Structure formats: structure tokens, C-alpha cells
Amino acid sequence: MGRFDDQTVLVTGGTGGQGSSHVRAFHAEGANVLIADIDAERGVELADELGGRARFTHLDVTDESSWSAAVLAAERAFGALNVLVNNAGVQNPPAPIEQTDRATWSRILDINLTGTFLGIKAAVPALRRATGGAIVNIASTMSLGGTAHYAPYVASKWAVRGLTRTAALELGRDRIRVNTIHPGVIATPFIHEPAAGATAAIADFFSPEPFAIPRLGVPADVTGLLLFLTSSEASFITGSEYVIDGGLLLGPALRTEAA
Ligand SMILES: NC(=O)c1ccc[n+]([C@@H]2O[C@H](COP(=O)([O-])OP(=O)(O)OC[C@H]3O[C@@H](n4cnc5c(N)ncnc54)[C@H](O)[C@@H]3O)[C@@H](O)[C@H]2O)c1
């Protein structure tokens, strides 16, 4: 028996490094999964690999009609929607604010913030029809401070925190819980491949070596927390934020000669 038997879960960015890990884990725990992404090739491949309880649905999170279609697809295929994971996200090409153009700013805010807003808006009626459920929004440790040269990304992820708290207040009485996860640096294409318009990848200049747990995070680290937060074990948790960063935000784990 799986922890998510008879539940239907929609994961945006479901073909990506973290998204595909989440999809596989929910599926292994008995869930029906909707792999929602703009990457149809990888989405269809993953759905085919997983088989009967998995479907790919083409979803651009910035497009409201695309959201309605995705939620409808979940209900048509599996009868209900119980869990939404707003995981799709992109980073800006690194640049100081004065060299960041308006189009880049708008694109990052559109995908990371407006995409999350549209997702909540589209999913809530279906979650109500299912008599409750859970939403998890993926933000970032970058939404807990500033990061030079990442203004659009940082601002978008800070705003996701406010959206999460507000949604939690609006939806608690409908038995819909809304929480945020803040991943640290996780080994996915997001850090190993340059952002659109950039030449260097985050992994080219970031090393986990000085920090408490001196390794990059892996998608499974985040997946474990996500499954807990969307499960019945977390039924009293809403509007909360969970950092999963191996101690990155603690600062460097300095060593003395004696240590
Ligand atoms: N990897 C990290 O170090 C890290 C750290 C903190 C937060 N995050 C966040 O984690 C989430 C997942 O990132 P990841 O590491 O798996 O990166 P990834 O690049 O592997 O995956 C991102 C996915 O989002 C999809 N996507 C992009 N634009 C989309 C759109 N308009 N509509 C639908 N899907 C779209 C991509 O096709 C891709 O599958 C993102 O929100 C990211 O901001 C990542």
C-alpha cells in the first residue's frame, strides 16, 4: 500500500531535474501523476516509462487557458485532483540590476510568480471538489536574502512566499494546505546548464565545500520533504516554509587549527 494510493498529483516542471524526481516518487507511492511541462518530448517519455497511472499534459504555467486544460485533464483521467506542486521555475542570466532589461524581468516574474498564482487559481476549485488537498510552492533559499546579479529570480521567489501565506489563510477552512519549500543548491540542469541568455552555469562558480554538509543537494533530498508535506502526516501544517539546503544558510563551517 502506497502513501498516495488513489490520490492525483500534478507537478509543474515535471520533466525537470527535481520535477521528475517528485513525479517518480509520487507514482511509486501509488499516486496518479500529471507531468505538466513545456517539454513534450521528455514528458511523453517519462509518462510512457511509468505507465498507466501517469500522463503528460502540455502546460505553459504563464498561460491561464493551458492551466484550465491541465486541471481538466487530471479530473478527466483520474476523477479528481488532490495535490498541486508548483515546481516550474527559471533563473535569469546573471546581471546587475542596471543591466537587466525589462523583458528578462517580466519573463522571470511571469514564470516563477504569475505561473504559481495561476496554478493556485486553477487548481483550487478542483481541490475543493476533492474535499481538500495540498499545494506546495517551490521557492528557493534565494528568497530568504539577496543575491547579487539575480534580482528577477530573487524577487519572484520572495513574492512566492507572500502568495503562499495568503493562500494558506484563504484556503485553510476548505482543508487545502499551502506550504513553501526553499531548496538550496540542488544538482539539476538548473545549476549545471547556463540560464537562457547566459554563458556560465551556477555550478561553474559555486562550491558546497565550505558549508556544513559539503555536497550539492540532490533532487531526492527535496522529494522526501515534499512527500511529507503533501501527505496526511502534515495535516496541521500550512503557510509554513521549509529550508532544505544542507546548512548553506548557516554560513561557512570554519575550521580552526585545533579542530
Ligand atoms: N536546482 C537548484 O539549485 C534550485 C534551487 C532552489 C530552487 N530551485 C527551484 O526548483 C524548481 C525546479 O528546478 P530544477 O532544479 O528541477 O530545474 P530544471 O531546470 O531541471 O527544471 C525546471 C523545469 O521547469 C520547466 N519549465 C520552464 N518554464 C516553464 C513554463 N513556462 N511552464 C512549464 N514548465 C516550465 C522546464 O521545462 C523544466 O522541466 C524551480 O522552481 C527552481 O527555481 C532550484
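Looking at segment 1-105, the helices (runs of 4 or more DSSP H) lying wholly inside it that each contain 1 or more residues that are of a type in the set (D, E) sit at 40-50, 64-78.
Collect the residues in segment 1-13 that are more than 7 Å from the ligand (Cβ to nearest atom) and within 9 Å of the chain's Cα centre (by Cα), keeping them in residue-number order.
We begin by selecting, within segment 1-13, every residue more than 7 Å from the ligand (Cβ to nearest atom); these are 1-11.
Within segment 1-13, V11 is the sole residue that qualifies.
For segment 104-124, the count of residues that are more than 17 Å from the chain's Cα centre (by Cα) and crowded, with 23+ Cβ neighbours inside 10 Å is zero.
Where in segment 135-238 are the helices (runs of 4 or more DSSP H), entirely inside, with at least 1 residues that are within 13 Å of the ligand (Cβ to nearest atom) and touching a Ser or Thr at 6+ places or on another chain (Cβ under 9 Å)? Can you show your working first?
On the way: elements: 151-171, 189-192, 202-205, 219-230.
It comes to 151-171, 219-230.
Taken over segment 89-116, the residue count meeting the criterion of being within 18 Å of A201 (Cα to Cα), near the ligand (Cβ under 9 Å from one of its atoms) and of a type in the set (A, V, I, L, M, F, W, C) is 1.
Considering segment 156-206, and only residues there that are modelled with pLDDT of 95 or more and among the polar types (S, T, N, Q), the residue that is surrounded by the fewest Cβ atoms within 10 Å (Cβ to Cβ) turns out to be T166.
The values are calculated or read from the model by the stated rules, or taken from the named source; none is laboratory data. Remember, it's a predicted structure, so these values are computed and weren't measured experimentally. Note that each Cβ is placed from the backbone with ideal geometry, even for glycine, and that neighbours are counted across all protein chains shown.
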